[in-house]
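This report concerns only the one structure given below.
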Amino acid sequence: MQKAYMVRKILGDNFTFDLAKYKAYSPIFFSPALALNYGLSFAALISSIVHVGLFYGREIWNRFRTASNQEPDIHLRLMRAYKEAPDWWYLALLMSTLALGLATCLGYSSQLPWRGFFASNAISMVFVIPTCMILAISNIVLSLNVLSPFLAGLMIPGRPIGVMIFKVFSTITLGQAQTYSGDLKLAHYMKVPPWVTFWCQIVATVWAAFVQIAVMNWTLGNIDSVCELPLYLPNGRAFFSSSIVWGVIGPRRLFGAGPQYAVFQYFWLIGAAVPAILYLLIGYLNFRPARHFNAPIMLGAMAWLPPATPFSFSSWAIVGFVFNWWIRRRWRGWWGTYNYITAAGLDAGLILGTIVVFFAITLPRVQVLKWWGHEGVFETVDAGGTGWLRKVAEGGTFGPSEW
């Protein structure tokens, strides 16, 4: 029977990688979903750069040239009545946060050198424009949660804490840029002053940092068996698995020339080739069906799996089909007026319902009614750890006999 990978058996002093212990223990094996997640994440990010460059490169260049002298539409004319957030606010925010981040890395045992800190922020800057454009078009979020630890594992191999800090800085920086660009877009249409949007984002982010730390410390100190059933924490487990793959073992041993996962390097080429092929079909061959395909969206949607499950994807597919195809075709007026309001209401209801359930049922340990929705997900083949087709013969090995 398969067992969890005991990362402690391959660690030396100060949580660093020990090659001798690794050779004496075992290589790591990915589940098909996790391996596909890594490959598609490579492809999605590369495809975003190629796609945006081919389809919107000229428009982006023109926007840069005319940024201070744009032809005003009705929204821009109305927004000029409000006070703008000056550029020096953004510059001051950038310099102060860079200083705090650098001080944190150098002042503690972070395993992340100053060069790695600046590299993590530079990577996020490279992907700001392509990923924000994909987000504006499709509401699909492309993240650096795979690419950033991959690069960090090449730069600082064998330092899992440093690799994870590198990942956090690059991933969260890009994520905040995507969130703020979406807030500015919404504020532009809703006629919210830019300086108000700026300060709302700053105050909320600072407050959330304190709340997040407080909740985490309370959880670790007051709840027994954290990260075990029923408090499974799939995001935390995925993050821990990432630290093993990229930080402890490293991408060279897993994806370099020779190892069993080296074939996944071809996903870089797939990510670059798919948008180029679609561009040729649309722009030069006028193949109209190709207009319905978008490479970053197709490749990036699977990046949620894991920690998302097939239940998550089936739910998204059903809701998307009902609202964005069936209702949109039959009741277009209702769809245009209430579709996204309904989505926002459901999101708000989920958040409020989660709070009510936690304080009314989970915290006081109330015994709730048992039904399939509570227990079915834990009775599957995957949850039971019995999802294998073949058993290893007596005296045999799983995977390569020499490595």
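Here, each number is a calculation from the coordinates, and none is a lab measurement. None of these values were measured; they are calculated from a predicted model. Positions of Cβ are backbone-derived with ideal geometry, glycine not excepted, and every protein chain shown enters the neighbour counts.
Numerical summary
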{"read-out": "Gained length - Leu280 relative to Arg252, 0.36 nm times residue gap less alpha-carbon distance", "value": "6.6 nm"}
{"read-out": "Cβ-Cβ FRET estimate between Arg8 and Val357, R0 fixed at 35 Å, reported to 0.05", "value": "0.50"}
{"read-out": "Region 208-366 shape via C-alpha gyration tensor axes, a/c threshold 1.5", "value": "oblate"}
{"read-out": "15 Å Cα-Cα reach of Lys185 towards aspartates and glutamates, excluding residues that sit fewer than 8 places from it in its own chain", "value": "Asp73, Glu84"}
{"read-out": "Normalised contact order of region 189-316, rounded percent, pairs of Cα under 8 Å and 6 or more residues apart", "value": "13"}
{"read-out": "Cα gyration tensor shape for region 57-106, rounded if a/c is under 1.5, else prolate or oblate", "value": "oblate"}
{"read-out": "The chain shape via C-alpha gyration tensor axes, a/c threshold 1.5", "value": "rounded"}
{"read-out": "Approximate shape of region 75-176 as ellipsoid semi-axes (Cα gyration tensor, √5λ), whole Å, largest first", "value": "30, 19, 8"}
{"read-out": "At R0 = 22 Å, FRET efficiency that the Cβ-Cβ distance of Leu100 and Val203 yields, to 0.05", "value": "0.85"}
{"read-out": "Positive-pole candidate from Asn139, Leu346, Val168, dipole of the chain, charges at beta carbon", "value": "Asn139"}
{"read-out": "Unit charges at the beta carbon, dipole of region 1-155: most positive-side option, Ala85, Leu100, Ser148", "value": "Ser148"}
{"read-out": "Student exercise, the chain dipole from Lys, Arg, Asp, Glu Cβ charges, in Debye to nearest 20", "value": "640"}
{"read-out": "Taking the chain and dividing mean pair separation by its residue count, relative contact order in percent (alpha carbons under 8 Å, at least six apart)", "value": "24"}
{"read-out": "Inter-label distance, nm, simple model (7 Å from Cα along the C-beta direction), Phe30/Met125", "value": "3.0"}
{"read-out": "Computed lengthening from Ala273 to Arg63, 0.36 nm per intervening residue step minus Cα-Cα distance", "value": "72.9 nm"}
{"read-out": "Under the span-like rule (Cα at least 18 Å along the axis, Kyte-Doolittle mean at least 1.6), DSSP H helices of the chain", "value": "266-283"}
{"read-out": "Distant-in-sequence amide H partners of Phe17 (H built 1.01 Å from N, under 5 Å)", "value": "Gly12"}
{"read-out": "Two-site FRET efficiency, Leu346 against Asp73, from Cβ-Cβ distance with R₀ of 41 Å, rounded to 0.05", "value": "0.85"}
{"read-out": "Proximal lysines to Lys391, defined as alpha-carbon separation beneath 28 angstrom and excluding residues fewer than eight positions away on the same chain", "value": "Lys3, Lys9, Lys21, Lys23"}
